[in-house]
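Q: Got a structure for you, questions after.
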Amino acid sequence: MVSTYSKMSLVKINASISILMKKLSILLFSLFFLSSPSVFADDISDFSIEGISIGDSLLDYMIEDEILEQIERTKDYFLHLKEPNKYAFIKLTRDFPTYDSVDFLIKNNAVNQYVGNKNEKYTILYVAGYIKYIEDFDSCIQKRDEVVKVLSRMFPDIQKIENVYKSIQDPSGNSIRDDIQYNFDSGAEVEAECSDFEETYRVKNNMGEGLLVSITHEETKRWFSDHK
């Protein structure tokens, strides 16, 4: 029979483990974001998500056939933009240390055939890490705020904008995005955002929701904002 003293000891041990895991989680995020050789730089190419940076070649992480298959699958994702096929969207799902998946934008080779060098054709202009938080918006915000603490240390002189707005994807107006952006003088952007879709809409459209941490080149940022 377990004594009262032993039970109390087990409770203390479990509590200590819980605190340790929380601290380790924060530390892992910190180490992940502070992998740049210059913590206080203002060049987005210095920073990475799962070791992948703006300006890298996607061919370093995927084979060409995989990329082309993804481009075909996602070709209708941006029909709401004025130039829906200017860039191509690719999602990479692997056993990443931090994120469930990583998304990319590259120039769409079908409309940029003047580019000759293969690596240049697949230059990454947007990279984003995604963690699912299905019907768990509070946990998403908690993790987002941990990320933002690290980002604020990295970008102490970069303009920070906080915004909560209704998602344009859901016509009912019942889905929201809680967003924090760091806007660089170049026009580039680093962003940490939690999405919370109205559940009926989310299930009907087979959508995910959760934390998205992204690095956006200035040219793709302009493209994202140019709606029809």
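Q: Looking at the stretch 168-191, which of its residues are within 17 Å of the chain's Cα centre (by Cα) and either under 14 Å from I215 (Cα atoms) or touching a residue at least 24 places away in the same chain (Cβ under 8 Å) (or both)?
A: Passing the criteria: D178, D179, I180, Q181, Y182, N183, A188, E189, V190, E191.
Q: Does the stretch 195-228 hold any residues that are acidic (D, E) and either loosely packed, with under 15 Cβ neighbours inside 10 Å or without any contact (Cβ under 8 Å) to a residue 40 or more places away in the chain (or both), and which are they? Outline the logic, then answer.
A: To start, the set of residues in the stretch 195-228 that are acidic (D, E) comprises 196, 198-199, 209, 218-219, 226.
If the condition is that a residue be acidic (D, E) and either loosely packed, with under 15 Cβ neighbours inside 10 Å or without any contact (Cβ under 8 Å) to a residue 40 or more places away in the chain (or both), then E198, E199, E218, D226 are the ones that fit.
Q: Against the definition (in contact with a Phe, Trp or Tyr (Cβ under 9 Å, 6 or more places away or on another chain) and modelled with pLDDT under 50), how does S16 come out, yes or no?
A: Details: in contact with a Phe, Trp or Tyr (Cβ under 9 Å, 6 or more places away or on another chain): no; modelled with pLDDT under 50: yes.
Answer is no for this residue.
Every residue, every condition in (1) closer than 21 Å to D46 by Cα; (2) surrounded by fewer than 18 Cβ atoms within 10 Å (Cβ to Cβ); (3) touching a helix residue (DSSP H, G or I) at 6+ places or on another chain (Cβ under 7 Å), yes or no:
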site	(1), (2), (3)
Y87	no, no, yes
T93	no, yes, no
K132	no, yes, no
C140	no, no, no
V148	yes, yes, no
D157	yes, yes, no
N163	no, yes, no
I168	no, yes, no
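Q: To continue, here is another question. May I ask you to list the residues in the stretch 166-184 that are farther than 17 Å from H227 by Cα and of a type outside the set (S, T, N, Q)? So that I can check it myself, show each step before the final result.
A: First, the residues of the stretch 166-184 that are farther than 17 Å from H227 by Cα: 172-184.
Selection gives G173, I176, R177, D178, D179, I180, Y182, F184.
Q: Quick check: is even one residue across the stretch 54-77 modelled with pLDDT under 90 and either of a type in the set (G, A, S) or in contact with an Asp or Glu (Cβ under 6 Å, 6 or more places away or on another chain) (or both)?
A: The answer is no; no qualifying residue exists.
Q: Restricting the search to the stretch 194-220, which residues are among the charged types (D, E, K, R) and closer than 16 Å to Q159 by Cα?
A: E218
Q: I'm trying to understand the selection: among the residues of the stretch 129-150, which are under 21 Å from T216 (Cβ atoms) and among the small types (G, A, S)?
A: The one that is under 21 Å from T216 (Cβ atoms) and among the small types (G, A, S): G129.
The values are calculated or read from the model by the stated rules, or taken from the named source; none is laboratory data. All values derive from a computational prediction rather than experimental measurement. Every residue, glycine among them, receives a Cβ derived from its backbone with ideal geometry; neighbour counts consider all protein chains shown.
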